[in-house]
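Asker: This structure is in structure tokens; I'll ask about it shortly.
The values are calculated or read from the model by the stated rules, or taken from the named source; none is laboratory data. Nothing here was measured: the structure is a model prediction, and the numbers come from that model. Note: ideal-geometry Cβ built from the backbone for every residue, glycine included; neighbour counts use all protein chains shown.
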């Protein structure tokens, strides 16, 4: 899934949007891309050039798919270009991470593939590699969204040592699974005791789909981000059509199923007028 933004200097701000949630994406008020663009330029004490934006959005809003991270990165990248800030990739990710409050989503969105990141006092440390683009995934979308603030409020303040150890072990295994192209390890590596049990009450698809993790056709089932969407990795020999047929046996027709693959990172181009 991608967010595509084409920008040109203009007399006033305007947005033409297509794709998912086009009406919200095209709104000038409380628009995260424009608000970020103006905020970054204002803080850098640079001129704010009005822009004509053409946006095509494929990322569902409020579904745990990183839509806010993509919007923040777009706003920072536009400010970097039109404000001549010379941030570069690291600077853009660092600024978007500061605005987001953590680098998890923005680093993954910018670099693509399998990306891990840590916010230090000085910078954002990132390690990334492409992952296997042949792995097939399904994203299950419920009709209603879940605000990240609400999803975070469902989490406890403390965890037991056993639960912390459980997740740390599986986080390490998850990195190894992607690095070694071990799809067979994902079933164990995506098991969780830190957030899914607490967020399940607001993410009804999880309870419906999690039992499928034990079936040989499915490699893993997990919440996408903070939810409410659910992400399924398919076993190597399972096709999207086969998996969709199985899922339709237990899901209502209101649930949307998207076929996905691991994507690469951002692509930038400077347009020139002939």
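Asker: Exactly one of (1) more than 23 Å from residue 248 (Cα to Cα); (2) part of a helix (DSSP H, G or I); (3) under 20 Å from the mean Cα position of the chain (by Cα) is unmet by residue 125. Its number?
Answerer: (2)
Asker: Next question, about the same structure. I need the full set of residues from segment 227-269 which are within 30 Å of residue 7 (Cβ to Cβ) and free of Cβ contacts under 8 Å to residues at least 60 places away in the same chain, in order please.
Answerer: Across segment 227-269, the qualifying residues are 267, 269.
Asker: For segment 5-15, which positions are assigned to a strand (DSSP E or B) and either surrounded by 15 or more Cβ atoms within 10 Å (Cβ to Cβ) or touching a helix residue (DSSP H, G or I) at 6+ places or on another chain (Cβ under 9 Å) (or both)?
Answerer: 5, 7, 9, 15
Asker: Do the conditions hold for residue 122, that is, is it outside the structural domain of residue 228 (by TED's automatic domain parsing), out of contact with any strand residue (DSSP E or B) (no Cβ under 7 Å at 6 or more places or on another chain) and free of Cβ contacts under 8 Å to residues at least 12 places away in the same chain?
Answerer: Taking the combined requirement at face value, the residue satisfies it.
Asker: Next question, about the same structure. Counting only residues that are buried (at least 22 other Cβ atoms within 10 Å of the Cβ) and closer than 20 Å to residue 42 by Cα, how many does segment 101-127 have?
Answerer: Residues that pass the stated criteria total 0.
Asker: Working only within segment 71-100, note down all residues that are surrounded by 24 or more Cβ atoms within 10 Å (Cβ to Cβ) and farther than 22 Å from residue 7 by Cα.
Answerer: Hit for segment 71-100 is 97, nothing else.
For (1) assigned to a loop (DSSP other than H, G, I, E, B); (2) at pLDDT 95 or above, each residue gets a yes or a no:
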site: 36; (1), (2): no, yes
site: 47; (1), (2): yes, yes
site: 52; (1), (2): no, yes
site: 59; (1), (2): yes, yes
site: 62; (1), (2): yes, no
site: 70; (1), (2): no, yes
site: 84; (1), (2): yes, yes
site: 95; (1), (2): no, yes
site: 110; (1), (2): no, yes
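Asker: Going residue by residue through segment 19-30, is there one that turns out to be surrounded by fewer than 19 Cβ atoms within 10 Å (Cβ to Cβ), farther than 21 Å from residue 110 by Cβ and touching a helix residue (DSSP H, G or I) at 6+ places or on another chain (Cβ under 8 Å)?
Answerer: There is at least one residue in segment 19-30 that is surrounded by fewer than 19 Cβ atoms within 10 Å (Cβ to Cβ), farther than 21 Å from residue 110 by Cβ and touching a helix residue (DSSP H, G or I) at 6+ places or on another chain (Cβ under 8 Å).
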